[in-house]
Amino acid sequence: MHGPNSADDRIRLQRLLPHWIEHNEEHAEEFRKWAERAREAGEVHVADHLLTAARMLAQANEALQGALDHLGGAPASPEHEHPHPHAHG
């Protein structure tokens, strides 16, 4: 990324990508649950399509993770950007 906002865009992507990955994982899980329900209801073809969609989201997440990796991973959360020690509960 080049231009006046490139550093800001990089940081923003580093924060957005993990959110998108998590969001996709949640959708994929819902697709798998509904696929099971559809199969139980005799809608085998619907179930197959839902499982395909879940697999496609997994592939999308691989691509999103690759992008995040090339950016150096997610930035530290703001709560970790301070010098004093603390315990996590």
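The values are calculated or read from the model by the stated rules, or taken from the named source; none is laboratory data. This one's a predicted model, so the numbers in the text were calculated from it and none came from an experiment. Every residue, glycine among them, receives a Cβ derived from its backbone with ideal geometry; neighbour counts consider all protein chains shown.
Residue by residue, here is whether (1) among the polar types (S, T, N, Q); (2) in a helix (DSSP H, G or I); (3) touching a helix residue (DSSP H, G or I) at 6+ places or on another chain (Cβ under 8 Å); (4) modelled with pLDDT under 95 holds:
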| position | (1), (2), (3), (4) |
| --- | --- |
| 2 | no, no, no, yes |
| 16 | no, yes, no, no |
| 23 | no, yes, no, no |
| 26 | no, yes, no, no |
| 38 | no, yes, yes, no |
| 42 | no, no, no, no |
| 50 | no, yes, yes, no |
| 54 | no, yes, yes, no |
| 62 | no, yes, no, no |
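Can residue 36 be described as of a type in the set (Asp, Glu) and either within 30 Å of residue 75 (Cα to Cα) or exposed (fewer than 12 other Cβ atoms within 10 Å of the Cβ) (or both)? When the stated conditions are applied, residue 36 does not pass them. Where residues in region 20-49 are touching a residue at least 24 places away in the same chain (Cβ under 8 Å) and among the hydrophobic types (A, V, I, L, M, F, W, C), which of them is nearest to residue 66 (Cα to Cα)? Going through the qualifying residues, I end up with 21. Checking each residue in region 64-79 for being in a helix (DSSP H, G or I) and surrounded by 10 or more Cβ atoms within 10 Å (Cβ to Cβ) picks out 64, 65, 66, 67, 68, 69.
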